[in-house]
Amino acid sequence: MRGRVIRGRASRVTQSEITLEDGTIYTADYIVLATGSSYAAPFKPEGNSIKDFREASAEVSLQLSSAKSVVIVGAGAVGTELAGEIAAAQPDKDITLVSSDNTLFPMYPAKLGAQLNRKLERAGVNIVLGQRAENLLHLDRPYAGSVKLTDGRVISADLVFPVIGSRPNTALAQTLSGVATAPSGRIQTDKWLRPSKHPNVFIAGDIADIGDGMTIVAISRQNPWLIKTLKQALKGQAIEGLKPYVPWKKAPILLPLGPKIGNSWLFATVGDWVTRQMKGKDLFISKYRKAFGR
């Protein structure tokens, strides 16, 4: 197989063309849009380079090192892991984790959330459940300030992390005629991950409202299906005659709380050893170094 990597930002898509911001046009028989999502720094900072990412990470690391108190607003996977990582690396911090849900990870079996709750509390994390933050000063980066909860409580902190979820980057997909946006902000698709009347345009990942979460686990399921489907389509098979994509019914999730402890749901709730071996010990760094030939 042959291919090219072109560095640029796409501004428009049609059923047969991608137009870049500089006006360059590329034609294709099949197009896949996978523009991902945005998240607060330092997790997905603004910028287009490794240098930007390193600078954002270094800035927040410096802020964290001097902070005595930390509030993390949002107890999804990112917020929960962040609380565990800080507690493990800097146990002298006063850490508060705020969740709008009444339990941690209510979409999973209760055992998972209960065990994570217990381990976080043992690590010194204060957990506030069933409360929303009403006055976040910034949504895109950490800051020093206070958080007002729905019950009227105010929590002051040297560093507030807004960790309230990903925002799908759908601007490019919306330049395609005939797309519709779901209440989630993601793009609606048919059973073959197609967002419009054009049979040769697909979307994948965080922008696709297909039933998967906005996680790497979701794209690891979508990628093989897309590759197989495109290969068959290039051989002349009709898309509608191919097997539709089936999203996760309940996706696996790995939740380390630092390098040693944590819990995961791998179609059953598992504990420290499995979570540590699969993710906690190096957060997949060795895996992706190998994938990129490093």
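What tally of residues in the range 236-283 results from selecting those that are open to solvent by 60 Å² or more (accessible area, probe 1.4 Å) and either hydroxyl-bearing (S, T, Y) or in a helix (DSSP H, G or I) (or both)?
Residues flagged as open to solvent by 60 Å² or more (accessible area, probe 1.4 Å) and either hydroxyl-bearing (S, T, Y) or in a helix (DSSP H, G or I) (or both) within the range 236-283 amount to 6.
From the list I31, I95, which residue is more than 19 Å from the chain's Cα centre (by Cα), open to solvent by less than 30 Å² (accessible area, probe 1.4 Å) and closer than 22 Å to D206 by Cβ?
Answer to the check: I31.
Examine the range 138-156 for a residue that is of a type in the set (D, E, K, R), under 25 Å from the mean Cα position of the chain (by Cα) and under 23 Å from Y39 (Cβ atoms), and state whether such a residue exists.
Yes, some residue in the range 138-156 is of a type in the set (D, E, K, R), under 25 Å from the mean Cα position of the chain (by Cα) and under 23 Å from Y39 (Cβ atoms).
Scan the range 102-121 and tell me whether some residue there is of a type in the set (F, W, Y) and over 20 Å from the mean Cα position of the chain (by Cα).
No, there is no match, as no residue in the range 102-121 is of a type in the set (F, W, Y) and over 20 Å from the mean Cα position of the chain (by Cα).
Out of L137, L112, L116, L120, I need the residue that is assigned to a helix (DSSP H, G or I), in contact with a Phe, Trp or Tyr (Cβ under 6 Å, 6 or more places away or on another chain) and in contact (Cβ under 8 Å) with a residue 12 or more places away in the chain. Which one?
So the residue among L137, L112, L116, L120 that is assigned to a helix (DSSP H, G or I), in contact with a Phe, Trp or Tyr (Cβ under 6 Å, 6 or more places away or on another chain) and in contact (Cβ under 8 Å) with a residue 12 or more places away in the chain is L112.
For residues that are farther than 17 Å from Y143 by Cβ and in a helix (DSSP H, G or I), scanning just the range 82-92, find the one that is most open to solvent (accessible area, probe 1.4 Å).
A89
Of all residues in the range 98-109 being part of a loop (DSSP other than H, G, I, E, B) and among the aliphatic types (A, V, I, L, M), which is least open to solvent (accessible area, probe 1.4 Å)?
L104
If I ask for residues that are surrounded by fewer than 24 Cβ atoms within 10 Å (Cβ to Cβ) and either more than 19 Å from D140 (Cβ to Cβ) or in contact with a Lys or Arg (Cβ under 8 Å, 6 or more places away or on another chain) (or both), which ones from the range 65-76 would you list?
Once the filter is applied, which keeps residues that are surrounded by fewer than 24 Cβ atoms within 10 Å (Cβ to Cβ) and either more than 19 Å from D140 (Cβ to Cβ) or in contact with a Lys or Arg (Cβ under 8 Å, 6 or more places away or on another chain) (or both), the range 65-76 yields S65, S66, A67, K68, S69.
For the list (1) of a type outside the set (D, E, K, R); (2) out of contact with any strand residue (DSSP E or B) (no Cβ under 9 Å at 6 or more places or on another chain); (3) at pLDDT 95 or above, I need the number of the one condition that W248 fails.
Checking W248 against (1) of a type outside the set (D, E, K, R); (2) out of contact with any strand residue (DSSP E or B) (no Cβ under 9 Å at 6 or more places or on another chain); (3) at pLDDT 95 or above, the one that fails is (3).
For the range 45-64, give me each residue that is open to solvent by 50 Å² or more (accessible area, probe 1.4 Å) and not hydroxyl-bearing (S, T, Y).
E46, N48, I50, K51, D52, F53, R54, E55, A58, E59, L62, Q63 - these are the residues of the range 45-64 that are open to solvent by 50 Å² or more (accessible area, probe 1.4 Å) and not hydroxyl-bearing (S, T, Y).
For the range 141-209, which strands (runs of 3 or more DSSP E) that fit wholly inside it have 2 or more residues that are among the hydroxyl-bearing types (S, T, Y) and surrounded by fewer than 16 Cβ atoms within 10 Å (Cβ to Cβ)?
Filter on the range 141-209 gives 143-148.
Select from the range 216-235 the residues that are closer than 23 Å to P168 by Cβ and open to solvent by less than 30 Å² (accessible area, probe 1.4 Å) and write down the one among them that is modelled with the lowest pLDDT.
Across the range 216-235, the extreme among qualifying residues is A218.
The values are calculated or read from the model by the stated rules, or taken from the named source; none is laboratory data. Nothing here was measured: the structure is a model prediction, and the numbers come from that model. Backbone-built Cβ (ideal geometry, glycine too); neighbour counts: all protein chains shown. To get the accessible areas, we keep the full protein, side chains included, count just its heavy atoms, and leave off ligands, DNA and RNA. Shrake-Rupley method; radii C 1.70, N 1.55, O 1.52, S 1.80 Å.
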